[in-house]
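The values are calculated or read from the model by the stated rules, or taken from the named source; none is laboratory data. Note that the structure is a prediction, hence the values are computed from the model and not measured. Virtual Cβ from ideal backbone geometry, glycine too; neighbours counted across all protein chains shown.
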Amino acid sequence: MTQANLANNIPRPRKRLFIAVLCGACALVLLLAFLLWWVPSVGLVNIHPSLPLLFGGLLTLVTLLVVAGLGLLILTLLCGRDLFFSERLRGIVIRYLFPAIISLGQLCGLNRDTLQQSFIALNNQLVRSRKLQVPADKAMILLPHCIQLSACEIKITGDVNKCARCNQCDISGLVDLANRYRMPMAVATGGTLARRIIVEQQPQFILAVACERDLTTGIRDAYPLPVLGILNQRAQGPCFNTKVVLAEVEQTLRDHIRTTPLDFSSPHSYI
């Protein structure tokens, strides 16, 4: 499948699903807050007439803070701009909201992969809203080993420049992009190696290509590092000869890497 066909046929992850579940979570928080106030207040009034009012005020304050935070997050996603505390909001989403949203979504019968795709889209929106411009030597492209042709005898895990450029997989195009933008690129065989590479390289920005599960785990493990995730395409099944839309990778590099490519008019440009 050509890059043009691949770009046209891939389903785009939507952040709207995650936003919808967030709205549902807001409604649930309000309902729980009411129940937490109403049930104890029946007994508290017997202790002191003012206790239900004090308890209700405290609960209202906490509820307003939670709902305001969720509302600001939704507003940031809808506007696509770096509003107040967007980086802290990303941390809250990654650390606390994501597990809760996944559980709530599954209770509602939503597919886990679809929820993870929506989370990745949401994370990408929050990262893009910061409009980062990172020096090329402080950024990194991180790839899964399944991007490489399974039958290839050249092992590029330690050095992607060993690629023979046979163009039978997307490694050749990705190496070309990394060289044009003068930035490091690494291939990881799993989460442990990926974490070790990040610790050794200490990048300020990561463009990661992987499946839903690995991207979700990687985004959470790498926090607070900004990670922008691009889903790979698995036409031949999971973890086997996967593909990536090179134009999407190059556009991300243009948006966030502070460098001048060696030649924007190169015939190898994918945009």
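Some points to look at:
- Only residues that are at pLDDT below 65, surrounded by 13 or more Cβ atoms within 10 Å (Cβ to Cβ) and at negative phi were counted in the stretch 82-112, giving 3.
- The condition of being touching a residue at least 24 places away in the same chain (Cβ under 8 Å), over 21 Å from R213 (Cα atoms), among the basic types (K, R) and in contact with a Ser or Thr (Cβ under 7 Å, 6 or more places away or on another chain) holds for R130.
- The stretch 178-200, subset touching a strand residue (DSSP E or B) at 6+ places or on another chain (Cβ under 6 Å) and either more than 19 Å from N232 (Cα to Cα) or not assigned by TED's automatic domain parsing to the domain that holds T157 (or both), residue surrounded by the most Cβ atoms within 10 Å (Cβ to Cβ): M183
- Only one of L6, L51, L31 that is assigned by TED's automatic domain parsing to the domain that holds I102 and either modelled with pLDDT under 75 or over 29 Å from G105 (Cα atoms) (or both): L51
- Qualifying residue in the stretch 144-159 (condition: in contact (Cβ under 8 Å) with a residue 12 or more places away in the chain, buried (at least 20 other Cβ atoms within 10 Å of the Cβ) and farther than 22 Å from C239 by Cβ): no
- Hey, A235 among the hydrophobic types (A, V, I, L, M, F, W, C), touching a residue at least 12 places away in the same chain (Cβ under 8 Å), closer than 21 Å to P99 by Cα and surrounded by fewer than 20 Cβ atoms within 10 Å (Cβ to Cβ) or not: no
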